[in-house]
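Down below is the structure, laid out as structure tokens.
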């Protein structure tokens, strides 16, 4: 992974919940969530898998995409993530 990129990632969490975040390294951030050192949400609902991640050139772009995704319905989030996996 390039150090210049920011990534938006979506996690499948306990209780069939989805969590969206941004990070420089989504795999390392996933491990932080798993170890209980991530967000409060993922401490309450531990992640089960990293569903997908997508790169953005700037932190600002990643933050905008994260905010947009968080407003989507669950079916829309899953449809979006399935498109990311195909890339």
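The values are calculated or read from the model by the stated rules, or taken from the named source; none is laboratory data. The model shown is predicted, which means the values in this text are computed figures rather than measured ones. As a convention, Cβ positions derive from the backbone with ideal geometry for all residues, glycine included, and neighbour counts pool all protein chains shown.
Residue by residue through segment 23-41, note down the ones that are surrounded by fewer than 19 Cβ atoms within 10 Å (Cβ to Cβ) and assigned to a loop (DSSP other than H, G, I, E, B). Across segment 23-41, the qualifying residues are 24, 25, 35, 36, 37, 39. Residues in segment 42-60 that are in a helix (DSSP H, G or I) and surrounded by 15 or more Cβ atoms within 10 Å (Cβ to Cβ): 42 alone.
Only one entry in 72, 63 is surrounded by 12 or more Cβ atoms within 10 Å (Cβ to Cβ), more than 12 Å from the chain's Cα centre (by Cα), modelled with pLDDT of 95 or more and within 15 Å of residue 21 (Cβ to Cβ), namely 72.
Take the residues in segment 1-14 that are part of a loop (DSSP other than H, G, I, E, B) and modelled with pLDDT of 95 or more, then tell me which one is surrounded by the fewest Cβ atoms within 10 Å (Cβ to Cβ). Across segment 1-14, the extreme among qualifying residues is 14. Would you say residue 18 is touching a helix residue (DSSP H, G or I) at 6+ places or on another chain (Cβ under 9 Å), modelled with pLDDT of 95 or more and surrounded by 16 or more Cβ atoms within 10 Å (Cβ to Cβ)? So residue 18 fits the description; yes.
Of all residues in segment 33-58, those satisfying the criterion of being farther than 13 Å from residue 9 by Cα and in contact (Cβ under 8 Å) with a residue 40 or more places away in the chain are 57, 58.
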